[in-house]
Structures are given as C-alpha cells and as structure tokens.
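The values are calculated or read from the model by the stated rules, or taken from the named source; none is laboratory data. Everything numeric here is computed off the predicted structure, so don't read it as measured data. FYI the Cβ positions are ideal-geometry reconstructions off the backbone, even for glycines, and counts take in every protein chain you see.
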Amino acid sequence: MASNAAVPFWRAAGMTYITYSNICANLVRNCLKEPHKSEALVREKVHFSVAKWVDGKPQKPIIRSDTPED
Amino acid sequence: MAMAALRREGRRFATPLIRPNPTNALRSSLSPSEEQATLGVRYISTQIVRNRMKSVKNIQKITKAMKMVAASKLRAIQTKAENSRGLWQPFTALLGDTPSVDIKKNVVVTISSDKGLCGGINSTSVKISRGLHKLNSGPEKLSKYVVLGEKAKAQLVRDSKKDIEISITELQKNPLNYTQVSVLADDILKNVEYDALRVVFNKFQSVVSFVPTVATLLSPEVVEREAESGGKLGELDSYEIEGGETKSEVLQNLTEFQFSCVMFNAVMENACSEQGARMSAMDSSSRNAGDMLDRLTLTYNRTRQASITTELIEIISGASALTG
C-alpha cells in the first residue's frame, strides 16, 4: 500500500492509483537480477490505440505504445 | 482410314441424339455457365467442378490451420485467464457486485475482439451492452459506451454512435499483460465521468461455452453513499482503516485498483473465449468443407462415368452397325 506521506503528492500530480502502482511495479521489476530482469520487462509491453468520440464521430486515434513504431 | 472417317461420321450423327439429356441433367446442378460451353465440344466439361473442388480443398486447409493456431493460442491464454480470476475475487468480496444499483451516469464497457471468424461472441457482448444501455437510460440518466475491439465498434456504430465515448483497438498486438490493461484502465478512468462502470465480456467456461458476464464497478462516492445507507455494502464500515488516510482516499485507491483488475480479468477471459469460439467455428467450417468436397467428388465422378459410358455405347453400337 501507498505510504501515508506520498499519497497527496501523486494525487496532486494528477496520477491515479493505477499509474502510481505501475511505477512502483516497474521499479521492482528493475531491481531483478539479469536474466529475469529483461524477461520481466519484455513481458510487460504496452500497445493499443485510443480514439475519443465527439458527436458520433471518432477523432484521430492516439497510439499508446512503449515500443517504437515499425 | 475409312474406318476412322466412318467413326467420326458416326459421332457427328450420334451427338444431337445423345447429348441434350445427360448434359442438362448433370451440368445444371453444377454451374450456370452452361451456355458458355463451346459449341461442338463433345464431352461435358468437368473443368468447373475440378476447379471448385480445388478451391474447397484449399479453404478446408486454411480453416484447419486456423483451428490449429487458435487451439495453441487458447492453451497459452487459458491458464493466464484462469489465474487472473484470483485478482477480482477479493474485490468482489469487499466491495460487492451490485448490478441493480440506481445511479445517474452509467458507462458500459463493451469488450470484444479485433478479429472476426470467432462465432457469436462479439454479437452477444454487443447485445448485452445494448440491453444494459437501454435499461440504464432514462430522462435524468446518462449512459455511454466505451468500446474495446474493432468488432463491437463496427456493430455499435450502426445505431448508437452518439453514445460512444471512447473506442480502443489493437489491444492484442503484444501478448496481453497487466501493465497494458492497467494503462488502458487508467485512460478510461481519466477520460470518462461515471457513477458506475459496467464491464461486459464473455467469461470463459470451457472450449464450447462462454457466458456473457457483467461486472459492475461503482465510483468511490457511490460506494461511500451505498455503505452509509446500509444495504449490500453496509459491511464496509466494519473494516478498520490503518494509517492516517481517510476512508474516501482509501476507497478511491481501492476502486481504481479494482477497475484495473476487473478489466484485466475481463480482457483475458474475452481473449480466451475468442480463441475457443474461433476453434469451434473453424472446426465446423472445415467439417462443412469436407462435406462439400465429398458431394463435389461424387458429382465429378458420376459425370466422368457417364461420359465414359456414353462413349462405350457409341463405340459398341457403331461396331455392331458395321458388322450387322
């Protein structure tokens, strides 16, 4: 769980608990020893595209990805 | 030399007599291009049937391969989906699942696949979402869609594109993982105002059965309100909160985390159902292709046999005419 002192700060920065826990999880993953570390980092790849809709029309989709575009 | 000329002669005479009936009977069931057959061609062409057989055989090969791929993908994802069930269960025990809660802002999160050829799972989840949408829309209520996957988007655009808030696609480019789904859940939370999120997905039961499921998630304010008014969430007050945080802070963290966990499970279950449905769909389509191939082979062989028989009759009757 989040430590008591930190909560107001990341909330004020506009983060949700999900973002906060992801950052923490990534930190832990980076603490692994080598063969496991790269494995764990490769496993957690993010890629999807989000499109907002305004008045029944899709806006341009934004690609959320941590891998460079090919 | 004279014999050959005679035989050719005989054939020419025999043609109009024999040809009309067997040709029509056999060809009409095969193709409409009967008129295109070149005049004076002696035999019924089996070319069309042969081509058709070849294409059916190829289609069968493809569907079989797709089935294999789906089966191997299913095996990999099934264990992951089943393990991910442990994520939402404690939350449901703590915060409950209250589909009948009465609130103003509803958001229906429809989960579907990006790819087709997987039976009816996308239609069922769209159907359920439409039902929920209808159930929760009223004069003072607001009901919106968040759509995951290409297929549900295509179906919902037709009649309720005004109500779509966000659509998310290309989810399965990398193997599904928690980080990805949690970033996605984060995006939904930040961009949508809600009192309750209703996540619609196909829960995987076995390779042949998928249960359309709704998970209802309340916003922290609603959870607090419900807990105070007693009811299903009344037990929440009996929990002690450690540390200096207030209850609303804890609840907000909890509901956010709950959403990402439920989303993760829902996406996994749906992906698993997709592969299962694709497997059975491909299985039945390769079986159908096999049936069709059998029928075509039968027609083909029968036609061939008929032309051989005709030819024999001609030769024999020609020979007997000469001798007799």
Scope the range A:29-59; condition more than 12 Å from chain B (Cβ to nearest Cβ) and either more than 16 Å from B:Asn177 (Cα to Cα) or surrounded by 13 or more Cβ atoms within 10 Å (Cβ to Cβ) (or both); matching residues:
A:Asn30, A:Cys31, A:Leu32, A:Lys33, A:Glu34, A:Pro35, A:His36, A:Lys37
Hey, any hits in the range B:121-135 for a residue that's over 24 Å from the mean Cα position of the chain (by Cα) and surrounded by fewer than 22 Cβ atoms within 10 Å (Cβ to Cβ)?
yes
State whether one or more residues within the range B:202-220 are within 30 Å of B:Arg75 (Cα to Cα) and within 14 Å of chain A (Cβ to nearest Cβ).
yes
If you take the residues of the range B:138-176 that are farther than 16 Å from A:Gln59 by Cα, of a type in the set (D, E, K, R) and more than 8 Å from chain A (Cβ to nearest Cβ), which of them is surrounded by the fewest Cβ atoms within 10 Å (Cβ to Cβ)?
B:Glu140
Quick one: what pairs do we get from the range B:211-228, first residue without any contact (Cβ under 8 Å) to a residue 40 or more places away in the chain, second hydrophobic (A, V, I, L, M, F, W, C) and surrounded by fewer than 20 Cβ atoms within 10 Å (Cβ to Cβ), C-beta under 8 Å, 6+ apart or different chains?
B:Pro220/B:Leu254; B:Ala227/B:Leu236
Any residue at all in the range B:260-280 that's touching a strand residue (DSSP E or B) at 6+ places or on another chain (Cβ under 7 Å), crowded, with 24+ Cβ neighbours inside 10 Å and within 11 Å of another protein chain (Cβ to nearest Cβ)?
yes
Testing B:Val147 on (1) touching a residue at least 24 places away in the same chain (Cβ under 8 Å); (2) more than 17 Å from B:Met263 (Cα to Cα), one condition comes back false. Which one is that?
(2)
Would you please name the residue that is nearest to the chain's Cα centre (by Cα), looking only at residues in the range B:177-195 that are more than 7 Å from chain A (Cβ to nearest Cβ), crowded, with 21+ Cβ neighbours inside 10 Å and of a type in the set (A, V, I, L, M)?
B:Val181
Name the residue, out of B:Ser72, B:Ser100, B:Ser137, that is among the hydroxyl-bearing types (Ser, Thr, Tyr), out of contact with any Leu (no Cβ under 9 Å at 6 or more places or on another chain) and either modelled with pLDDT of 90 or more or part of a strand (DSSP E or B) (or both).
B:Ser72
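Residue check: is B:Phe210 closer than 30 Å to B:Ile62 by Cα, crowded, with 24+ Cβ neighbours inside 10 Å, modelled with pLDDT under 95 and in contact with a strand residue (DSSP E or B) (Cβ under 6 Å, 6 or more places away or on another chain)?
Values: closer than 30 Å to B:Ile62 by Cα: yes; crowded, with 24+ Cβ neighbours inside 10 Å: yes; modelled with pLDDT under 95: yes; in contact with a strand residue (DSSP E or B) (Cβ under 6 Å, 6 or more places away or on another chain): yes.
When the stated conditions are applied, B:Phe210 passes them.
Of everything in the range A:16-49, what is β-branched (Val, Ile, Thr) and in contact with an Asp or Glu (Cβ under 6 Å, 6 or more places away or on another chain)? Give them in sequence order. Spell out how you get there, then give the answer.
The first filter runs over the range A:16-49 and keeps only residues β-branched (Val, Ile, Thr), leaving A:16, A:18-19, A:23, A:28, A:42, A:46.
Of everything in the range A:16-49, those that are β-branched (Val, Ile, Thr) and in contact with an Asp or Glu (Cβ under 6 Å, 6 or more places away or on another chain) turn out to be A:Thr16, A:Ile18, A:Thr19, A:Val46.
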Within the range A:31-53, take every residue that is touching a strand residue (DSSP E or B) at 6+ places or on another chain (Cβ under 7 Å) and not aromatic (Phe, Trp, Tyr) and give me the one that is farthest from B:Leu171 (Cα to Cα).
A:Lys52
